[in-house]
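First comes the structure, then the notes that go with it.
The values are calculated or read from the model by the stated rules, or taken from the named source; none is laboratory data. Computed from a predicted model, the values in this text were never measured in an experiment. Here the Cβ positions follow ideal geometry from the backbone for every residue, glycine too, while neighbour counts run over all protein chains shown.
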Amino acid sequence: MFRSRRLLVGLFLPFVLLAVNIFAANAFAQKVRAETVAYEPPTLSLSANPSAIRLCGGEGTAALVRLDAVATSPEKNPISYRWTSDVGRIQGNGSVVTWDLSGVRPGYYKAFLEIDTGNGDQICKAFASTAILVECPPLPPPPCPTVSISCPAKFEVGEQLTFNSTLSGSLGNVPTIYNWTVSSGRIIEGQGTSSIKVDTTGLAGQTLTANLSMGGYNLDCSASCSLQFPVPLSCRAFDQFPAIARNEEKARLDNFAIELQNDPSASGYVIVYPGEHSRSGEVQTHSARVVDYLVNSRGLDKRRIVTVVGPARPNLMIKLWVCPQGATPR
């Protein structure tokens, strides 16, 4: 009888143990699933202040960025922070740190944060990153100095004229580079310096403008100075006649007197060319007669009449010239 019971127990015991194990495994799985569903992961966000910095790689230039982390643990577990970055140095610990980017070249860079809210039984991590722009914008152009040019006070065509420049105000760290140009004439000395000499040959009646532009500035740092050369004054031939009748000569001299009266600043030149067979004193006689008529009959100032004896010609000849003030007869 007892042997029959042992046999039955031996037959059914493996099935009983199997059922118990299956029940226990199902219960554990349900517990794990319940615990997994119930656990809330942490949250994490990052911000950088400022998000962009100006840094041109100069040594000794401080470039600090504040990194702020906002992390929550719904399970109220303690939070540990682990900051990393490929460049610079992260100083501090916890949710607020300082990122030192001194000496970093321009570009985009990231800082990374890993948090851990594990409590031994539960392990959960979160990751986040934030980017910052390191830039090196070009420096603003330096302000122009005050550039001025002094023109020669007196000048004549054909002279070598000197133009001087002066600079005032802030020059910054820009090398002083003088670039001269002239509208006419020719620079013969001083290009690249503060003073130039210009040849003015052939500039009668023209304008000479000296321009100076300071190199090294992005702005137009320049000045100019202009001179106007007058049209050259020259005497012009008015009339000529040989030894003629007195009344005809007076008519010629009347026209000459009217021309001189129209320009009170002009001078009249009377050039008497003796003939090869002229009598002695004939030239002086004609000169005196012409001056006497112009002064006493036509009322001209004697100082405005100039008499000249020209070289001999086959026959006596008288030439009348009108010379504006400043003109030199040739």
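Details
- Restricting 246, 279, 313 to those that are at pLDDT below 90 and farther than 30 Å from residue 231 by Cβ reduces the list to 279.
- Inter-residue pairs, beta-carbon under 8 Å, first over 30 Å from residue 174 (Cβ atoms) and in region 215-237, second among the aromatic types (Phe, Trp, Tyr), 6+ apart: 229/155; 235/269; 235/321; 236/321; 237/321
- Scanning region 166-181 for residues that are part of a strand (DSSP E or B) and either touching a Pro at 6+ places or on another chain (Cβ under 6 Å) or of a type outside the set (Ser, Thr, Tyr) (or both) turns up 167, 177, 179, 180.
- For region 196-242, the tally of residues that are within 21 Å of residue 182 (Cα to Cα) and part of a strand (DSSP E or B) stands at 20.
- Flag for residue 155 being in contact (Cβ under 8 Å) with a residue 24 or more places away in the chain, more than 15 Å from residue 215 (Cα to Cα), out of contact with any Pro (no Cβ under 7 Å at 6 or more places or on another chain) and part of a loop (DSSP other than H, G, I, E, B): yes
- Taken over region 71-82, the criterion of being hydroxyl-bearing (Ser, Thr, Tyr) and part of a strand (DSSP E or B) is satisfied by 72, 80, 81.
- Count of residues meeting criterion [in a strand (DSSP E or B) and touching a residue at least 12 places away in the same chain (Cβ under 8 Å)] in region 83-110: 13
- Region 275-330: number of residues that are surrounded by 17 or more Cβ atoms within 10 Å (Cβ to Cβ) and of a type in the set (Gly, Ala, Ser): 2
- Residue within region 243-261 that is outside any loop (DSSP other than H, G, I, E, B), within 47 Å of the chain's Cα centre (by Cα) and farther than 30 Å from residue 315 by Cα present: no
- Residue match in region 109-120 (condition: surrounded by 16 or more Cβ atoms within 10 Å (Cβ to Cβ), within 23 Å of residue 182 (Cα to Cα) and either in contact with an Asp or Glu (Cβ under 8 Å, 6 or more places away or on another chain) or of a type outside the set (Lys, Arg) (or both)): no
- Residue match in region 98-111 (condition: basic (Lys, Arg) and assigned by TED's automatic domain parsing to the domain that holds residue 187): no
Residues checked against (1) closer than 23 Å to residue 279 by Cα; (2) not in a helix (DSSP H, G or I):
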position	(1), (2)
292	yes, no
303	no, no
306	yes, yes
320	yes, yes
327	no, yes
